[in-house]
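The values are calculated or read from the model by the stated rules, or taken from the named source; none is laboratory data. As the structure is a computational prediction, the values presented were derived from the model and not from experiment. Reconstructed Cβ throughout: ideal geometry from the backbone, glycine too, with neighbour counts over all protein chains shown.
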Amino acid sequence: MEENLRDIDQIDKFLNNELSANELTAFHRRLASDDEFRVALEKYQFIYDELPQLETEKLKQRLAGYHRAYEATSAKKPVKFRKIIYLVGSVAAVLCIGWLLVFSPNKRGQIPQFPESETDMVDIDSIHLKTDSLKKFEYASGEKDSLQPSRNTPVIVTVDPDKSEEKKDTLKQLPTPIDATQLALSEQKQLSPSNIKKINYPTSTAYTFDGKLLTLYADPSKGSLGWEVFKNDTSYLLTYGATQYPLTISTRIKTLRELSKPKRPFQSLFNTPLTGEPTDEKITLQFESHQDLGRIDTSLHVVIEEGRLRKASYFFAQKEGKLQLILALRNTSKDVAVYIIYEKNTPQYYLSVEEKIYRLDPTKTTKTTVAPINILTDKNARLFLKKQAVEKTVYQVKN
Amino acid sequence: MTDQEIIAQLQQGKEACLTHVYAHLAMVRSWILKNNGNQEDALDVFQDAVVVFYKNVRSGRYEAKSKISTYLFSICKKQWLNQLNRRLKYERPSDGVVQLAQHTEVPEPEIDNDLPSRATYIQEAMAKLGEPCQSLLIATVFFKQKMIEVAAQFNYASAHSARQQKLRCLKKLGNQLSYDVVLRLR
């Protein structure tokens, strides 16, 4: 199979996220219809996955060599410089000692004179204890300014043995310096549970219909061209192949139910090819992804932290009996959602960042870079695809 | 060697000057040792930081606003703090064993003796390419160098010519790969 350079150009741009929205739509359309193009994408994706890994490993090996070279050269340098350092150090020490002998401030007559102690210093023995003063102090402790006594107010200090013990205990619980630094730098936040959704697959098709626009949340394996719209005097009927679905006008998302048994007005038509006369009426068929149909899933806890790398990374962990997903994103303010697709009760995890979808592997317990979704092999990935809207002619059913 | 000289050399792909960058390892090592790390941790973190630094220089994402030492140290610091954060969260302090999820038994991978590893397969394909395709693909796919710089480095007339050459090389590399093998390696 020979790809032309134009195809490779498109695939290269796709793999580097350089396609515009329109180009991306055309790209996905081409993928859905052109098997050879899919094969080519698969091969170039392999190159883009493996070549950087291979070169990173090679670079690390070379770096180890540079490190050894540095160690070898730096091991010689100190011998050269050590004598100079000792010499400079000795001279500096002699100069310091000399300076101290000549200009020492402890010489008689040069002792600095400080003023007498101020009279408003607090004499601890004369402090009066107030029974409610501790309480007042505690209430004030949350406010910075209130802790500063005014100059005219006498300072009242009380010491309660029990309370001082408590203070000691809380000191033990203070974070270590490392904890404090980490908490300051980690900038973690929890993903809102409303952005963690589950979708059951296979999923029933749903729709909204206002008489002009029919929005379908359909199984992605059903192509957009197989759908047809029929009507009689009173109602509309949607067909996909031989399967027929009655439509009702509804702005709420409704499940598309198969016409299970013959009933009027399509009784005579059931199980026979539906035919009709084309009318001037057109209906726009809009295909939506299933993201909007997901329901909130509480089985997963998602934490987002600021990552350094351009690509997002993640890992899963178990915390307090609950599965936790830790995401590292360079920009934590992006729109993030996690979708859990349950197929035969097996959860599969997907990450959506600014409308880009990534597959997550729940067995990864160490930091892993997100992998681009593979539309070719991951049929669930198509649940996130939006197909282009098509305009359908409405056919009048022959009675 | 000054920072500017190092950057200039790295931009031309002359990476031997990275030897000088290891002068900053001591500073990073000292900080990591003070923060619950060991020598190996320090070397790993520093090496990863040098990879990021070098790739950023080649791709044009490195902005020489600070010294190389400051840049490397900030990467190392953040990386190490993240690692520590994870360790503190997911390790039991008593035994230092990572708490893995109960159901995370890693299945034994099925080994197909006829198949090369993914790394070997791409390495062999790359080896068959020859120059300048090898270097061109490393510059564009791995280092993600800008086409205008690739054109200058490889003496192409324009960025467009360089891109065309990249696509030809990609095609050549793609032709070395069998779709069946790629599928089986997945």
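So that you can scan it fast, the table gives a plain yes or no per residue for (1) modelled with pLDDT under 90; (2) outside any helix (DSSP H, G or I); (3) more than 22 Å from the chain's Cα centre (by Cα):
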{"site": "B:Ile111", "(1), (2), (3)": "yes, yes, yes"}
{"site": "B:Asp114", "(1), (2), (3)": "yes, yes, yes"}
{"site": "B:Thr120", "(1), (2), (3)": "yes, no, no"}
{"site": "B:Ala125", "(1), (2), (3)": "yes, no, no"}
{"site": "B:Ile138", "(1), (2), (3)": "no, no, no"}
{"site": "B:Gln145", "(1), (2), (3)": "yes, yes, no"}
{"site": "B:Ala152", "(1), (2), (3)": "yes, no, yes"}
{"site": "B:Arg168", "(1), (2), (3)": "no, no, yes"}
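Among the residues making up region B:45-66, those that are within 26 Å of B:Leu33 (Cβ to Cβ) and modelled with pLDDT of 85 or more are B:Val45, B:Phe46, B:Gln47, B:Asp48, B:Ala49, B:Val50, B:Val51, B:Val52, B:Phe53, B:Tyr54. The single condition from (1) at negative phi; (2) more than 10 Å from chain A (Cβ to nearest Cβ) that B:Phe143 fails is (2). Across region A:256-305, the qualifying residues are those that are at pLDDT below 65 and among the aromatic types (Phe, Trp, Tyr), and the one among them that is nearest to A:Thr234 (Cα to Cα) is A:Phe266. B:Ile32 - would you say it is buried (at least 18 other Cβ atoms within 10 Å of the Cβ), over 14 Å from the mean Cα position of the chain (by Cα) and part of a helix (DSSP H, G or I)? Against the criterion (buried (at least 18 other Cβ atoms within 10 Å of the Cβ), over 14 Å from the mean Cα position of the chain (by Cα) and part of a helix (DSSP H, G or I)), B:Ile32 qualifies.
Among the residues of region B:68-83, just one is over 21 Å from B:Thr19 (Cα atoms), within 9 Å of another protein chain (Cβ to nearest Cβ) and among the hydrophobic types (A, V, I, L, M, F, W, C), namely B:Leu81.
Listed here are the residues, each with its yes/no results for (1) among the small types (Gly, Ala, Ser); (2) surrounded by 12 or more Cβ atoms within 10 Å (Cβ to Cβ); (3) under 14 Å from A:Lys282 (Cα atoms).
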residue: A:Leu214; (1), (2), (3): no, yes, yes
residue: A:Asn232; (1), (2), (3): no, yes, no
residue: A:Ser235; (1), (2), (3): yes, yes, no
residue: A:Tyr240; (1), (2), (3): no, yes, no
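Residues of region A:307-321 that are more than 9 Å from chain B (Cβ to nearest Cβ) and either in contact with a Leu (Cβ under 8 Å, 6 or more places away or on another chain) or closer than 22 Å to A:Ile373 by Cα (or both): A:Lys311, A:Ala312, A:Ser313, A:Tyr314.
Let's see how each residue does on (1) within 26 Å of A:Val39 (Cα to Cα); (2) more than 9 Å from chain A (Cβ to nearest Cβ); (3) touching a strand residue (DSSP E or B) at 6+ places or on another chain (Cβ under 8 Å); (4) touching a residue at least 12 places away in the same chain (Cβ under 8 Å):
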site: B:Ala125; (1), (2), (3), (4): yes, no, no, yes
site: B:Tyr156; (1), (2), (3), (4): no, yes, no, no
site: B:Ser161; (1), (2), (3), (4): no, yes, no, no
site: B:Gly174; (1), (2), (3), (4): yes, no, no, no
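Condition (residue is surrounded by fewer than 20 Cβ atoms within 10 Å (Cβ to Cβ), closer than 30 Å to A:Ser204 by Cα, of a type outside the set (A, V, I, L, M) and within 13 Å of chain B (Cβ to nearest Cβ)) applied to region A:325-343: is it met by at least one residue? The answer is no; no qualifying residue exists.
I need a count of the residues in region B:176-186 that are facing chain A (nearest Cβ under 8 Å), farther than 22 Å from A:Asn4 by Cα and surrounded by fewer than 16 Cβ atoms within 10 Å (Cβ to Cβ). Result for region B:176-186: 1.
Is one or more of the residues making up region A:34-43 facing chain B (nearest Cβ under 7 Å) and either in contact with a Lys or Arg (Cβ under 9 Å, 6 or more places away or on another chain) or without any contact (Cβ under 8 Å) to a residue 12 or more places away in the chain (or both)? For region A:34-43, residues facing chain B (nearest Cβ under 7 Å) and either in contact with a Lys or Arg (Cβ under 9 Å, 6 or more places away or on another chain) or without any contact (Cβ under 8 Å) to a residue 12 or more places away in the chain (or both): present. With respect to B:Ser59, is the statement that it is away from chain A (no Cβ under 12 Å), hydroxyl-bearing (Ser, Thr, Tyr) and either within 21 Å of A:Glu57 (Cβ to Cβ) or over 16 Å from the mean Cα position of the chain (by Cα) (or both) true? Criteria not met by B:Ser59.
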